[in-house]
Amino acid sequence: MLADWTFGQLMWSMLVFFCWILWFWFLFTVFGDLFRRHDISGWAKFGWCVFVIFLPFLGVLVYLIARGGSMAERDIADAQAQQAAFDAYVRQTAGSGGGTADELAKLADLRDRGVITAAEFDQQKAALLA
């Protein structure tokens, strides 16, 4: 069966398959953007869904033209929010990050308040500087 196909038929089939995958990607992108939006009402979302379901090619095309710019803005805002959350998590997990000088200052404060003795301070200081 495959031997009966010409090169042109094979290329055409690959193009059709690629466009089919691209179509589903556009469809999922439009529905994903539609349901994560907070600036339109539920009725407007319902209207867009009906439009995309009953006139799929026209509905997706119109949505991408009418709302494509705001889709990009929402994607950028989401990426920035995720990056900020990740940065905050890393800062929280890594601690103060002051290094040896910060640790020595904390030890000196503990020694000055009498929480640790001078011998304990010297021992911890030697461990930090080693």
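The values are calculated or read from the model by the stated rules, or taken from the named source; none is laboratory data. The structure displayed is predicted, hence computed values, not measured ones. As a convention, Cβ positions derive from the backbone with ideal geometry for all residues, glycine included, and neighbour counts pool all protein chains shown. Just so you know, the surface numbers come from the protein's heavy atoms only, side chains and all, with ligands and any DNA or RNA stripped out. Shrake-Rupley method; radii C 1.70, N 1.55, O 1.52, S 1.80 Å.
Remarks
- Counting only protein heavy atoms and a probe of 1.4 Å, the accessible surface of the stretch 1-127 is 69% carbon and sulfur.
- Estimated purely from DSSP H runs of n ≥ 4, each contributing -39500 (n - 2.57), the mean residue ellipticity at 222 nm for the chain is -29000 deg cm²/dmol once divided by its residues.
- Between the beta carbons of Arg36 and Leu58, assuming R0 = 25 Å, the FRET efficiency works out to 0.65 to the nearest 0.05.
- Compared with the direct C-alpha span, the chain from Ala101 to Val16 gains 24.2 nm at full extension, assuming 0.36 nm per residue.
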